[in-house]
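Student: Take this structure, written in structure tokens, and hold onto it; I'll ask about it next.
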Amino acid sequence: MTVLTFSLSILPLQPMKHIVFVDSTVSGLLAFETAKRLGHYVTFIRQSDTSVLNFLSSDADTVLAPHLKYVDCFLAVESLDSPEFRETLLEINRRRSIDILITTSEAAIVPVAREAEFLDLPYPRYDALTNAVFKNRLRGILKEHGIRSADFQVISELALIEGDKPVVGLPFVIKPTRGFAKQFSAICYTQADFDKFVSSITAARSSAHDTIDTLVSREYLIEEYIRGTLHSAEVVVQGGRLQCFATTIRFRSHYSEMLEMTATMPSGLSVSERQEIKDYVKSVFTALELDVGLYHVELLRDEKGPCLVEINARMMGSVAPQMYRMMTGIDPFELLIRTHLEGDVSVSDDSIRSAGTVVTIASRYGGSIKADYNEEEFRALLRKYGIAFCTSWVKPGQNVNVYTGNIGTIGHVIILGEDPHVVARKGHAFLQELDSIYGIELAKYFE
């Protein structure tokens, strides 16, 4: 175990607490600065085996380095599922009592729930959280409580390969009961679609990154296909009280509904439609007995109303936190910290007075950036569209992957404006112009 210590002199805004962060997304690293600004003592634990930070970044050390100036204690463990993690937490707690234990990483939410319960810290109960993140358990509980949910069944990977046939009728969606980044998932409209999925799953699993293979279950949920618009609700829960601080509409690729292309905020729904979503999400959380935390909830909405897709027991991902802060002036990482410190948090989606969209830049077919790519042309395009936030910086001849499910993206941009549908159309137009600058066909969300 390696320990590095850093000291900062920042005037506390409230009595100093000890916050322990475990693993992180790239955006989640911004939480360290927020915690230090609030006057807290910050510890960061990074694991080696299934770190989302390691997986999402080709050079995690370089990405992490500038954020460590806000960290008082930095520790490394081999695995969050080994006795070492608990032993490390106990030693940390012995030296300086831990007030909250939190994560922004999908890879860490279950181990953190287990250890937070062991240490009696404010966090969702381990059983409640696992009921939420395993989709089959989640849907079973919703059915028990009479809450709308897709009909489903569960088939193991081995049974699929050996020829077991679904009883859920076509079209249906197939995905792991515990997933990550839409991997090993498909919409099957025909028997041929299902046969193709089964025939390719062994090769797909064997070629997957170790982090994905560890996180993604080998049992598959097969559920009825529900056609509708895709949305998310960003919610904060304290003492069982649920507040929705943002809703989005999530435009998907026009050639594959599995591929999300934007997170557009606000959702463009009416007040009554948003209230319907809030009431539905509240009933889901009550049934699951989830009583604390920030959550990213995805759902479909059709003529019958909302229907749950999944609950991510963490705050919104990608660069959506940066967009939310740009639009509202509210730091979402402060919401995260104050929620777990059980302070008074009062938020509403009514605070969103403008609009924004996170646009995913990804290749439809793969390939490489053209050899004569000119970065100044790209910068001129950013200026044309008024884009101040961009993570898509490429080099001439750079190889790019096919976009297959929240992985393999080239980068993201944030486009701001006054109307969600206007900024979404603006994002699509940006991608159309970017094709010629990159020299490849990018994934699009409008035909």
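Quick note: the coordinates plus some simple rules give every number you see, no bench work behind them. Owing to the predicted nature of the structure, the values given are computational and were not obtained by experimental measurement. Neighbour counts run over all protein chains shown; Cβ positions are idealised from the backbone, glycine included.
Student: I'd like the projected area of region 376-447, averaged over all directions, using the convex hull of its alpha carbons. Report it in nm² with one decimal. Display every interim value, and only then the final one.
Tutor: Numbers: hull surface 20.7 nm².
Approximately 5.2 nm², given one-decimal rounding.
Student: Taking every alpha carbon pair in region 151-224, what does the distance histogram look like in 5 angstrom bins from 0, in percent?
Tutor: Spelled out per bin, shortest first, that is 3, 17, 30, 29, 14, 6, 1.
Student: What FRET efficiency do you get for residue 16 and residue 144 if R0 is 45 Å and r is their Cβ-Cβ distance, rounded to the nearest 0.05? Numbers along the way, then the final one.
Tutor: On the way: r = 44 Å, r/R0 = 0.97.
Using R0 = 45 Å, I get an efficiency of 0.55.
Student: Ok, one more. How would region 165-296 be classified by its alpha-carbon gyration tensor: rounded, prolate or oblate, with rounded meaning a/c under 1.5 and the a/b versus b/c comparison settling the rest? Walk me through the intermediate numbers first.
Tutor: Details: a/c = 2.03, a/b = 1.64, b/c = 1.23.
Here region 165-296 falls in the prolate category.
Student: Scan the chain and note any complete DSSP helix (H) whose C-alpha atoms cover at least 15 Å along its axis and whose Kyte-Doolittle average is -1.0 or more.
Tutor: Working: long enough: 83-95 (18 Å, -1.15); 191-206 (24 Å, -0.14); 271-288 (26 Å, -0.24); 420-438 (26 Å, -0.13).
Correct list, ordered by number: 191-206, 271-288, 420-438.
Student: Sticking with this one: Which lysines have a Cα lying under 24 Å from the Cα of residue 384, excluding residues fewer than 8 positions away in the same chain?
Tutor: Straight-distance partners of residue 384: 370, 395, 426, 444.
Student: Determine which aspartates and glutamates satisfy two conditions relative to residue 304: a Cα distance under 18 Å, and not lying fewer than 8 residues away in the same chain.
Tutor: 151, 223, 224, 273, 276, 279
Student: Report, as a whole number in µm² per second, the diffusion coefficient that Stokes-Einstein gives for region 228-353 at 20 °C and 1.002 mPa s using the Kirkwood radius over alpha carbon pairs.
Tutor: Working: Rh = 14.7 Å.
Estimated via Stokes-Einstein, D reaches 145 µm²/s.
Student: Could you give the length gained on full extension between residue 433 and residue 170, defined as 0.36 nm per residue of separation minus the Cα-Cα distance, in nm?
Tutor: Values: separation 263, 0.36 × 263 = 94.68 nm, distance 3.76 nm.
Additional length available on full extension: 90.9 nm.
Student: With a/c under 1.5 counting as rounded, go ahead and sort region 314-447 into rounded, prolate or oblate using the C-alpha gyration tensor (a ≥ b ≥ c being the square roots of the eigenvalues; past the cut-off, prolate if a/b is larger than b/c, else oblate). Kindly include the intermediate steps, with their values, before the conclusion.
Tutor: Numbers: a/c = 2.45, a/b = 1.91, b/c = 1.29.
Judged from the Cα gyration tensor, region 314-447 comes out prolate (a/c at least 1.5, a/b above b/c).
Student: May I ask you to derive the FRET efficiency for residue 209 and residue 76 from their Cβ-Cβ distance with R0 = 22 Å, giving the value to the nearest 0.05? Show your work: numbers first, answer last.
Tutor: Working: r = 20 Å, r/R0 = 0.90.
According to the calculation, E is roughly 0.65.
Student: Pairwise over distinct Cα atoms, reciprocal of the mean inverse distance: report the Kirkwood radius of region 1-145 in Å, one decimal place. It would help to have the intermediate numbers written out before the result.
Tutor: On the way: mean 1/r = 0.0627 Å⁻¹.
For region 1-145, the Kirkwood estimate is 16.0 Å.
Student: Then there is this: Gap in Å between the Cα centre of region 367-424 and the Cα centre of region 262-322?
Tutor: 27 Å
Student: Tell me, in nm to one decimal, what length is gained between residue 421 and residue 395 on full extension, where the rule is 0.36 nm per residue of separation less the Cα-Cα distance?
Tutor: Values: separation 26, 0.36 × 26 = 9.36 nm, distance 3.16 nm.
Stretched fully, the residue 421-residue 395 segment lengthens by 6.2 nm.
Student: Ok, one more. May I ask for log10 I(q)/I(0) of the chain at q = 0.07 Å⁻¹, from a Debye sum over the Cα atoms as equal point scatterers with solvent left out?
Tutor: Computed log10 I(q)/I(0) values: -0.35.
Student: Take residue 371 and residue 385, extend 7 Å from each Cα along the Cα→Cβ direction, and tell me the distance between the two endpoints in nm.
Tutor: 2.8 nm
Student: What distance in nm separates the simple spin-label points at residue 241 and residue 202, each placed 7 Å from Cα in the Cβ direction?
Tutor: 5.6 nm
Student: Just subtract the alpha-carbon distance of residue 446 and residue 271 from 0.36 nm times their residue separation and send over the number in nm, one decimal.
Tutor: On the way: separation 175, 0.36 × 175 = 63.00 nm, distance 2.59 nm.
Using 0.36 nm per residue and subtracting the Cα-Cα distance, I get 60.4 nm.
Student: For a quick protection proxy, order the peptides 95-103, 388-396, 260-268 by their average other-Cβ count within 10 Å, most packed first.
Tutor: Working: 95-103: 20.1, 388-396: 14.2, 260-268: 24.1.
Output ranking for 95-103, 388-396, 260-268: 260-268, 95-103, 388-396.
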